[in-house]
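Encoded as structure tokens, the structure appears first; notes follow it.
The values are calculated or read from the model by the stated rules, or taken from the named source; none is laboratory data. Because the structure is a prediction, the values reported are computed rather than measured. When we count neighbours, we look across all protein chains shown, and the Cβ atoms used for this are built from the backbone with ideal geometry, even at glycine. The accessibility values were calculated without ligands, DNA or RNA, using every heavy atom of the protein model including side chains. Shrake-Rupley method; radii C 1.70, N 1.55, O 1.52, S 1.80 Å.
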Amino acid sequence: MLIVKKFGGSSVADAERINNVAERCIEDYRKGNQVVVVLSAMGKTTDALINNAQTINPNPPKRELDMLLATGEQTSVALMAMAMAAKGVSAISLNAFQVAMHTTSAYGNARFKRIDSERILNELDSGRIVIVTGFQGVNRRDDVTTLGRGGSDTTAVALAAALRADACEIYTDVEGVYTADPRIVPHARKMKEITYDEMLELATLGAKVLHNRSVELAKKYGVQLVVRSSLNREEGTIVREVTSMESMLVSGVAVDKNAARIAVLGVKNEPGIAFRIFDLLAQRNINVDVILQSIGRDDTKDISFTVDQEQAKEAVQALKENKERLTIQQIKEEKNVAKLSVVGAGMQSNAGVAAKMFEALYDVGVNIRMIATSEIRITVLIDLEDVDVAMRAVHDKFIHEK
Ligand code: ASP
Ligand code: MG
């Protein structure tokens, strides 16, 4: 079997953990498997590097930031190869340039275009464990790029697809994918299986366990994933197309505290206004999520929407600059809000999920500010201070009571 094993930063945070990961990989190798290991930077290294950069220049050139951040992963792979060598196993570390993992040029947010598999396959054939840097790539100018925070998961899936691996295992510091954050919801449980679509919604909605693009890629190339702990032998959660259980009505609850709500008040109630507002934001690459438009009164209406907090300032600025043209009377911004979502493939064929969610919120006196739905999710915007109570209530309504 060819196995791709990815370990996150906390799993390689110090020498002891690196040794532990080395042992685990060697175990598979000794059973006769070909093993490719993908690593993140040790512990909080990436955060520290970003801090370093900002002390020197609060707004560092993006190319140089990627050059810097990529060193984190290079450190871990080299140390891992040394750990394996000390245990008498032949291993080799490779960075993105050496493998040739080609990406687009978007520094800080690059996407894979093509991965050369030759070097890795040759090393495997000569009996080595191959250890590859996560999170980084190389663009057509031969410059180093990075894939966005948490991107090492995506490296692992892309490699598994390119190498046609038999298994892709994502090791982390939790035991798998949970129905909600266990730190907030004591009844949360680990899921045995989850579909790509559900996982994609959860990952996008704030469950940090997998990089959302890794799930997109896994779905596209049919790479079955397992998410499990690097600290014990528990089975973990399988992510794949069809789960064997009947689809759960709601498989998970996610919270995104990184939302800001922007309201534009008193815009003209005529065709084309919404288009101009959202086109302006799209041109500035600002992602808009939940949208609410009030019924027109007199000749005006109000439109509110959510954006990620980091983009709120830019969004407000853009709207201000175009206030006249967009007929806006007033702009309001609010940060003390959060998105709470329920996700489940079973929703497609079941009525009443929304009502049940709203009932759970009503039971604990939480006010709903905005609502958005897709085929397999319902999202509400609530006050930040209500998040924990709301999450427990909604989770237990759907998952615990059963
Ligand atoms: N080291 C990178 C980060 O902290 C990539 C990763 O961990 O997946 O975002
Ligand atoms: Mg991660």
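How many residues are surrounded by fewer than 19 Cβ atoms within 10 Å (Cβ to Cβ), modelled with pLDDT of 95 or more and not in a strand (DSSP E or B) if we restrict to region 150-177?
Adding up the residues that qualify gives 2.
Here's a check for you: in region 128-178, which residue that is under 27 Å from Ile26 (Cβ atoms) and among the basic types (Lys, Arg) is nearest to ligand 2 (Cβ to nearest atom)?
Once the filter is applied, the top-ranked residue is Arg164.
Counting only residues that are charged (D, E, K, R) and crowded, with 18+ Cβ neighbours inside 10 Å, which one in region 35-85 is farthest from ligand 2 (Cβ to nearest atom)?
By that ranking, first place goes to Asp66.
Residues of region 352-375 being within 27 Å of the chain's Cα centre (by Cα) and not in a helix (DSSP H, G or I), which ones?
Selection gives Ile368, Arg369, Met370, Ile371, Ala372, Thr373, Ser374, Glu375.
Cβ-Cβ distance below 6 Å, separation of 6 or more or different chains: which pairs start in region 198-222 with a residue that is within 20 Å of Arg111 (Cα to Cα) and end on one that is assigned to a loop (DSSP other than H, G, I, E, B) and open to solvent by 10 Å² or more (accessible area, probe 1.4 Å)?
His211/Gly150
From Ile286, Ile277, Ile328, Ile303, which residue is modelled with pLDDT under 95, aliphatic (A, V, I, L, M) and open to solvent by less than 80 Å² (accessible area, probe 1.4 Å)?
Ile286
Can you report the number of residues in region 13-24 which are crowded, with 19+ Cβ neighbours inside 10 Å and outside any helix (DSSP H, G or I)?
Going through region 13-24 one residue at a time, the tally reaches 0.
Does Asp298 count as open to solvent by 30 Å² or more (accessible area, probe 1.4 Å), under 20 Å from Val380 (Cα atoms) and not β-branched (Val, Ile, Thr)?
no
Would you check which residues across region 101-137 are within 11 Å of ligand 1 (Cβ to nearest atom) and surrounded by 16 or more Cβ atoms within 10 Å (Cβ to Cβ) and list them?
Within region 101-137, Thr133, Gly134, Phe135, Gln136 meet the criteria.
Where in region 187-247 are the strands (runs of 3 or more DSSP E), entirely inside, with at least 2 residues that are within 16 Å of ligand 1 (Cβ to nearest atom) and crowded, with 18+ Cβ neighbours inside 10 Å?
Per the criteria, 225-229.
For region 248-274, which positions are within 19 Å of Thr327 (Cβ to Cβ), open to solvent by 80 Å² or more (accessible area, probe 1.4 Å) and assigned to a loop (DSSP other than H, G, I, E, B)?
Pro271
Which ones in region 138-186 are among the charged types (D, E, K, R), touching a Leu at 6+ places or on another chain (Cβ under 7 Å) and away from ligand 1 (no atom under 14 Å from the Cβ)?
Asp166
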